[in-house]
1. Under unit Cβ charges (Lys, Arg +1; Asp, Glu -1), what dipole magnitude, rounded to 20 debye, does the chain have relative to its Cα centre?
2. Counting only DSSP beta bridges with both residues in the stretch 2-90, tell me the antiparallel percent, nearest 5.
3. Could you pull out the GluC sites (Glu not before Pro) across the chain that fall in loop regions by DSSP (anything but H, G, I, E, B) with no more than 13 other Cβ atoms inside 10 Å?
4. What residues have an amide H closer than 5 Å to that of GLY30, excluding those fewer than 5 places away on the same chain, when H is modeled at 1.01 Å from N in the peptide plane?
5. Alpha carbon centre of the stretch 1-23 versus the stretch 54-76: separation in Å?
6. Can you list the trypsin sites (Lys or Arg not before Pro) in the chain that are in a DSSP coil and have 16 or fewer other beta carbons within 10 angstrom?
7. Given R₀ = 22 Å, FRET efficiency for GLU26-TYR3 by Cβ-Cβ distance, to 0.05?
8. Which one, GLY54, LEU12, ALA88, is farthest towards the positive end of the dipole of the chain when Lys and Arg carry +1 and Asp and Glu -1 on their Cβ?
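No lab work stands behind these numbers, since they all come straight from the coordinates. Just so it is clear, the structure is predicted and the values come from calculations on it, not from any experiment. A quick note on method: Cβ atoms are made from the backbone with ideal geometry, for glycine too, and the neighbour counts reach across all protein chains shown.
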Amino acid sequence: MRYQSKAQLLGLPLLAISLGPDKVREERRGTAHGIIAIGDIAVGAVAVGGVGLGLLAIGGISIGLLSIGGLALGYRKMKLHPAIAEAAAKNPG
């Protein structure tokens, strides 16, 4: 299944869906690129798929700022509680 919305933002479709093989393009897996991407492999601001790459990534393997998945790599800046930061500064070992 392949679908791309006609509406675009920054040269990418707002919604892109690409699921399953495509014999015409000779693809074994669907790769979706869009602001919201849904596919076997999804790349976008919001990416949902077997492999998701994006700001918000959801998938079996996901990489993004906020990631949810079986294997997820994300980024979160955390602040230490002041008491813990003070103790760490006193005892750097």
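1. Numbers: 10 positive and 5 negative charges, 23 e Å.
Result for the chain is approximately 100 debye, rounded to the nearest 20.
2. Values: 6 of 36 bridges.
Approximately 15 percent, going by the DSSP bridge assignments.
3. GLU26
4. GLY20, ASP40, ILE41
5. 21
6. On the way: sites: ARG2, LYS6, LYS23, ARG25, ARG28, ARG29, ARG76, LYS77, LYS79, LYS90; in loops: LYS6, LYS23, ARG25, ARG28, ARG29, ARG76, LYS77, LYS79.
Answer in residue order: LYS6, LYS23, ARG25, ARG28, ARG29, ARG76, LYS77, LYS79.
7. Values: r = 19 Å, r/R0 = 0.87.
Rounded to the nearest 0.05, the efficiency is 0.70.
8. In the chain, that residue is ALA88.
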